[in-house]
1. Please go through the range 42-80 and give me each residue that is closer than 20 Å to Thr4 by Cα, among the polar types (S, T, N, Q) and surrounded by 14 or more Cβ atoms within 10 Å (Cβ to Cβ), ordered by number.
2. In this structure, is Val29 crowded, with 16+ Cβ neighbours inside 10 Å, among the hydrophobic types (A, V, I, L, M, F, W, C), in contact with a strand residue (DSSP E or B) (Cβ under 7 Å, 6 or more places away or on another chain) and part of a strand (DSSP E or B)?
3. Would you call Lys22 open to solvent by 80 Å² or more (accessible area, probe 1.4 Å) and farther than 18 Å from Ser2 by Cβ?
4. So, in the range 91-104, how many residues would count as being more than 19 Å from Thr45 (Cα to Cα), open to solvent by 70 Å² or more (accessible area, probe 1.4 Å) and either modelled with pLDDT of 95 or more or assigned to a strand (DSSP E or B) (or both)?
5. For Arg83, state whether it is within 17 Å of Cys23 (Cα to Cα) and surrounded by 14 or more Cβ atoms within 10 Å (Cβ to Cβ).
6. Can you tell me how many residues within the range 7-25 are part of a strand (DSSP E or B) and out of contact with any Leu (no Cβ under 6 Å at 6 or more places or on another chain)?
Amino acid sequence: SSKTFWATTGMFPQELIIGFPKCVKISKVAIQCYLVRTLRIERSTSKDSVGFEQCVEKDLLHREGQLQMEEFPLPEFQATYLRFIIKSAFDHFVSVHRVMAEGT
């Protein structure tokens, strides 16, 4: 829902894990967030949410009063879980409003 969001609890790093019902092929990940400075995305192909490997890490631009919308084109890879690690922020708290993964 565009009316809901996930907010951090203050200290960093913070992480959010998204699981899929089975291993899927992903070609692009997009995130809509606010006040995130450094974001890392990791993946796991395990049955459980363990054994993560880094896919991408990026410093995001701060736009005062506006949500950050970032897309991460990724080579075709498989994942059962995606872990989003917010390593640092522009303020004490950040919010994640939407996460999208494209693929098959």
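1. Gln68
2. Taking the combined requirement at face value, the residue satisfies it.
3. Yes: the conditions hold for Lys22.
4. Looking only at that region, the number is 1.
5. yes
6. Final tally of qualifying residues: 12.
The values are calculated or read from the model by the stated rules, or taken from the named source; none is laboratory data. Computed from a predicted model, the values in this text were never measured in an experiment. When we count neighbours, we look across all protein chains shown, and the Cβ atoms used for this are built from the backbone with ideal geometry, even at glycine. In case anyone asks, the SASA skips ligands and DNA or RNA and just uses the protein heavy atoms, side chains included. Shrake-Rupley method; radii C 1.70, N 1.55, O 1.52, S 1.80 Å.
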